[in-house]
Structures are given as structure tokens and as C-alpha cells.
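Down below is the structure, laid out as C-alpha cells.
The values are calculated or read from the model by the stated rules, or taken from the named source; none is laboratory data. Worth saying up front: this structure is predicted, and the values here are computed from it rather than measured. Reconstructed Cβ throughout: ideal geometry from the backbone, glycine too, with neighbour counts over all protein chains shown. Accessible surface areas use protein heavy atoms only, side chains included; no ligands, DNA or RNA. Shrake-Rupley method; radii C 1.70, N 1.55, O 1.52, S 1.80 Å.
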Amino acid sequence: MSLAEIADSFFRPAVNDLVPYEPGKPVEEVQRELGLERVVKLASNEGPYGPFPQAREAIERSVGELNRYPDGGAYRLRAALAERFDLRFEEVAIGAGSDGLVDCLTQAALEPGDEIVCGWPSFPSYVIDARKVGAVPRTVPLRDGRYDLDALLEAIGPRTKIAYLCLPNNPTGTTNTRAELDDWFERVPEHVVTVLDQAYAEYIDDPDYPDGVDHLKQGRRVVVLRTFSKIYGLAGLRVGYGLAPAEIVTGIAKVRRAFDITTPAQEAALASLDSPAELERRRTENAQGRAELERILREHGLDPVGPAVANFLFAEVGEDSRPFFEQLLREGVIVRPTHGFGAPGAVRVTVGTAEEQELLAQALTRVLARA
């Protein structure tokens, strides 16, 4: 029996049919392969800055305790988040990034044949995680680059358990309004749990942007996902959280791996909550950088989808975005081709520092000159 045949018989059919998540190459590997001195990564929607100063100090203080297992219940972090959002402790779940909580919800809720619905293109984990357990993802095309909530409601069936709303949507960077979300919750069937993925919420300062916590407090069947990976600069530590009814938080805890949120991650996240001035500075700089990034892309013939409200832009570049991606890569700029998100003809570009975006502009000029 060949190794391929062994694998086919060993793994579940749902796993054999999966296309695995394709991470980008590390900057150092790109430098080595292409002989480049400088490589700029604008591919992963990371913030351009590191941890908050208070978080750096907290990480350093935690080093001496790394011989001990972390607090498996993340007690202090959960308590601080509950106080921050005026919720009960039992309504806060911690995960290895918000992505980790999507995985936990999938494991806890979905049986083979159950369904999830989401917009498309959107965050791939909704679809990949559902398929892992034999559930069926129903994807609904975006309308004008945003989630089409009316069409999403029409896609819900008797076996639909989860409806994912990604606001702002990854990879398009667009969002729906507060009124549209209010209408959604008036119409969504009671057997469906809405998972409101707000990983980029802290970048937005707009009264029309919906706050999922309001709906949770109104008694809606909603899970609000947030993360410390983006504006807080802790992507490498993998810590996120979910705000949900206590019964759902209990279900998440039943399938979450013990000790999966490290001590430095918990301490850094906790320290980051008390830095409103730094949060506002980063929000303001991101808005300015996003406007400059849009100018650069348009100046080079691209038409970003909008209005974008997060820390990235999305633009169509042709039938297949990989050649465009490869050309920029050879110039030392990494962007994200969005095949895995359901948009094979587009790229997603993260807001960087002013210097990084100037290097992008120069790279685009060289690429277009050769074209």
C-alpha cells in the first residue's frame, strides 16, 4: 500500500478533501531565496508596531515564571474583560486568537451535515473548520463588496447552526451598518447562533459601526469575537476573546485545549487594556496610512474596494493574482493573494509604516513599467 493510500484510509474523508491553509513565507526566507537585503511584509494584516510599552514590560516580567504552566482559565484576563464590557465573568471566553475560538465553536456545535452560512469572499477559517467536521458551508456572494445580509438570511436552512458575520470583512475591509445589524437580529431564526467577528473593531471610530456587545446584552444568540493580534500588536502571542451567553462559553471551554494561552500572552493582553492613549494614536495613524495606501494603489491603476475601515485594502488585479504577487515579491514587497479567501483575482494589502508604503509605491512603479 502506498503512503498516499495509507493517508486516504487513515484520515477522515472530510479531512482528505480539505485544501490546507497556505501561510506566507517568512521574510527571512524570501530574503534568502531572492537575494534581497530588504523585504517589506504587507500581507497578514498585522499592525506595523510591536506590543504596547506596558505589554512589553509585562512580557519581560513573566519570563521568570515560564517554568510554570499558564493559568488554564485565564482568570485575571477574563475578569478584566468582563469589567471592561460590563458583562459577567461567565460570558467571556479566551482563545488562541479569535481564529482559535472559531475552531472551538465548530468542534462544540457542528455535526456532520450541519450547516454554516457566511459571506464570500471572507475569512477562510469559517469554511475550513466546518469542513473539518463534515459540516456544510453555505457561502453567499458579497454585494458591493459587503456582506449581503438579506441573501445570507435566505441561505439559512433548518440545519444551519452558525451564521458568521465578519465586520469588517476580511479580505475586503468593508463593514455593514448598525441599522443593518439591528435588522439582522430582528429577522434571523432563533435556532441560529450569529458569530460576529470584529477582529478589527478597534481601528474604527464611527458611531454607525455596530457594537456586537449591545446585542449580547439584549439577550441575542450572538458570539462577539475580538483579538489582541491587530491593533494591540500581539499577533505572535495568539490571544483573542469571545463574548457570549454563559452557556456558549461553557461549551467552548469543553473543547478548548488546556493551557493553550501562554502566560506572556495573558499578561501582555491584560497590560494592553489600560493604554487608551496608545490605542488612539495607532487608530489615528492607521486611518492616515490607509488613506495614503489607497492613494498609492489608485495612482498605480488599482481600484480598492471601499469604503474600507480596517487596516488593509483589497483590489482586483486580473483573473489570477499570483503573477502580480510574484512580481511584487521579487521587488521585496509581500502582499496577500486572496485565492484562499474565495477571490483568486485579487490581492489584500496591509497598511504599513510611511516608509514601508513608499517602498510599495516604488515597487509598483517598477512592476508596472515592465508590464
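Looking across Phe185, Phe228, one residue alone is surrounded by 24 or more Cβ atoms within 10 Å (Cβ to Cβ) and among the hydrophobic types (A, V, I, L, M, F, W, C). It is Phe228.
Restricting attention to segment 271-299, which residues are part of a loop (DSSP other than H, G, I, E, B) and either open to solvent by 30 Å² or more (accessible area, probe 1.4 Å) or closer than 27 Å to Tyr147 by Cβ (or both)? Spell out how you get there, then give the answer.
First, pick out the residues of segment 271-299 that are part of a loop (DSSP other than H, G, I, E, B): 273-275.
The answer is Asp274, and nothing else.
Within segment 294-307, residues that are more than 21 Å from Thr175 (Cβ to Cβ) and touching a residue at least 12 places away in the same chain (Cβ under 8 Å) reach no partner that is open to solvent by 30 Å² or more (accessible area, probe 1.4 Å) and polar (S, T, N, Q) with beta carbons closer than 6 Å at six or more positions or on different chains. All of (1) crowded, with 22+ Cβ neighbours inside 10 Å; (2) touching a strand residue (DSSP E or B) at 6+ places or on another chain (Cβ under 8 Å); (3) not acidic (Asp, Glu) hold for Ala268 with one exception: (2).
Of the helices (runs of 4 or more DSSP H) contained entirely in segment 1-111, those carrying at least 1 residues that are free of Cβ contacts under 8 Å to residues at least 12 places away in the same chain fall at 3-10, 13-16, 27-34, 53-62, 75-85.
Rundown of residues vs (1) in a loop (DSSP other than H, G, I, E, B); (2) out of contact with any helix residue (DSSP H, G or I) (no Cβ under 7 Å at 6 or more places or on another chain); (3) among the aliphatic types (A, V, I, L, M), yes/no style:
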{"position": "Ile128", "(1), (2), (3)": "no, yes, yes"}
{"position": "Gly134", "(1), (2), (3)": "yes, no, no"}
{"position": "Pro137", "(1), (2), (3)": "no, no, no"}
{"position": "Gly157", "(1), (2), (3)": "yes, yes, no"}
{"position": "Ile162", "(1), (2), (3)": "no, no, yes"}
{"position": "Leu165", "(1), (2), (3)": "no, yes, yes"}
{"position": "Asn169", "(1), (2), (3)": "yes, yes, no"}
{"position": "Glu180", "(1), (2), (3)": "no, no, no"}
{"position": "Trp184", "(1), (2), (3)": "no, no, no"}
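With respect to the conditions (1) open to solvent by 80 Å² or more (accessible area, probe 1.4 Å); (2) over 30 Å from Lys254 (Cβ atoms), Pro23 lacks only one, and its number is (2).
Matching residues to (1) out of contact with any Ser or Thr (no Cβ under 9 Å at 6 or more places or on another chain); (2) open to solvent by less than 20 Å² (accessible area, probe 1.4 Å); (3) at positive phi:
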| site | (1), (2), (3) |
| --- | --- |
| Arg56 | yes, no, no |
| Ser62 | no, yes, no |
| Ala74 | yes, yes, yes |
| Leu77 | yes, yes, no |
| Ala80 | yes, no, no |
| Glu83 | yes, no, no |
| Leu87 | yes, no, no |
| Val92 | yes, yes, no |
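Taken over segment 112-124, the criterion of being surrounded by fewer than 19 Cβ atoms within 10 Å (Cβ to Cβ) and either free of Cβ contacts under 8 Å to residues at least 60 places away in the same chain or basic (Lys, Arg) (or both) is satisfied by Gly113, Asp114. Exactly one residue out of Gly352, Gly340 is under 25 Å from the mean Cα position of the chain (by Cα) and at pLDDT below 95, and it is Gly340.
Taking the conditions exactly as written (open to solvent by 30 Å² or more (accessible area, probe 1.4 Å) and either modelled with pLDDT under 95 or of a type in the set (Gly, Ala, Ser) (or both)), does Ala179 satisfy them or not? Break it down stepwise before answering.
Working: open to solvent by 30 Å² or more (accessible area, probe 1.4 Å): yes; either modelled with pLDDT under 95 or of a type in the set (Gly, Ala, Ser) (or both): yes.
For Ala179, the condition - open to solvent by 30 Å² or more (accessible area, probe 1.4 Å) and either modelled with pLDDT under 95 or of a type in the set (Gly, Ala, Ser) (or both) - is met.
In the set Tyr203, Tyr209, only one residue is in contact (Cβ under 8 Å) with a residue 24 or more places away in the chain, more than 21 Å from Trp120 (Cα to Cα), open to solvent by 10 Å² or more (accessible area, probe 1.4 Å) and among the aromatic types (Phe, Trp, Tyr); that residue is Tyr203. Just so you know, in segment 252-265 the residues that are surrounded by 16 or more Cβ atoms within 10 Å (Cβ to Cβ) and of a type in the set (Val, Ile, Thr) include one that is farthest from Gly236 (Cα to Cα), and it is Ile252.
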